[in-house]
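Derivation of every value follows stated rules applied to the coordinates shown; laboratory data play no part. Small disclaimer: the values here were computed from a predicted structure and weren't measured. Glycine gets a Cβ as well: all are built from the backbone with ideal geometry, and neighbour counts include every protein chain shown.
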Amino acid sequence: MTTPTLFTYADTPVRVLDVDGEPWFVLADLCKVLDLSNPSMVAQRLDADALSTAEVIDGMGRAQSARTVTEAGMYEAVFMSRKPEARDFKRWVTHEVLPTIRKTGSYQQPKTLAERSVELIQDLHAEVAALTPRASAWDTMAGAHGDYAVDEAAKILSRDPNITVGRARLFTHMAERGWIYRHGARNRWHAYQSQVDNGRLVQRMSAAFLNQRTGEMEVPDPTIRITVKGLEALRASLTPALELSA
């Protein structure tokens with residue numbers, strides 16, 4: 001049994017568990033915040049590896065069974081929500097909950113508001129001091145939480161009932177919007193630097209390898225990955241109503 005860490009969003013408790021160093025969110029809490037009335041239906045639409053069940057201890061010391069989801073599953077639940085505040089909730093998770101967890105390296109019992117405020121101010125001062133000399137677009141992008149392969153991003157986006165997109169179509173869509181282009185002898189996809197700088201895409205380089213046929217060292221084509229910020233922009237562009245309201 002696990003005692004979850006309790007966070008509070010808009011007066012609603014959100015329980016988070018540490019499972020082998022990774023955050024797992026109690027699905028019922030997410031659904032309540034995101035105004036998703038049927039947690040069971042949400043669970044059915046999640047990938048199997050994003051969903052689990054855990055024995056948790058509630059605030060009264062009782063053991064209860066609760067469905068939990070991974071960080072990726074949490075983002076999928078956010079995309080399912082039609083609630084206007086869903087984006088604000090996602091920002092709260094990525095800017096407060098996840099950084100709190102990752103800075104400490106473990107989950108800790110909640111502190112008082114005064115203790116958390118003092119620590120937050122101290123952390124902000126330290127972060128500003130460290131970032132000021134080297135602030136750049138790269139630092140901004142690197143501070144994002146998580147990025148996904150294009151096929152993974154397509155699956156996440158398709159959790160929105162208004163979106164049906166696969167890997168090939170998503171590549172085409174990004175090309176049409178000026179995010180990526182084909183280049184090189186193998187005509188592979190590359191990210192425009194502007195999309196890397198604004199934090200929507202990450203372009204990862206792989207180590208050189210020996211081509212057994214030619215006997216020469218070759219550098220593989222870069223791998224394009226989509227950040228959470230990029231997922232938000234793609235969801236808006238793939239859903240006309242959202243793009244018009246953005």
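Descriptive notes on the structure:
- Integer Hz, Karplus 6.51/-1.76/1.60 couplings in order for region 6-21, x for Gly and Pro: 9, 10, 10, 10, 6, 6, 10, x, 10, 8, 10, 10, 9, 10, 6, x
- Residues whose placed amide H lies under 5 Å from that of G166, excluding near-sequence neighbours: none
- Rh (Kirkwood; distinct C-alpha pairs) - region 164-205, Å: 10.9 Å
- Here's how it looks for L201: its modeled amide H is under 5 Å from those of V196, T227, which are all 5 or more places away or on a different chain.
- Each principal axis of the Cα cloud of region 38-91 was evaluated for its coordinate range; sorted largest first, these ranges are 34, 24, 19 Å.
- Whole-Å semi-axes of region 9-53's equivalent ellipsoid (Cα gyration tensor): 18, 16, 6
- When peptides 61-67, 14-20 are sorted by average Cβ neighbour count within 10 Å, with the highest value leading, the order is 14-20, 61-67.
- Prolate/oblate/rounded label for region 1-105 (Cα gyration tensor, a/c 1.5): rounded
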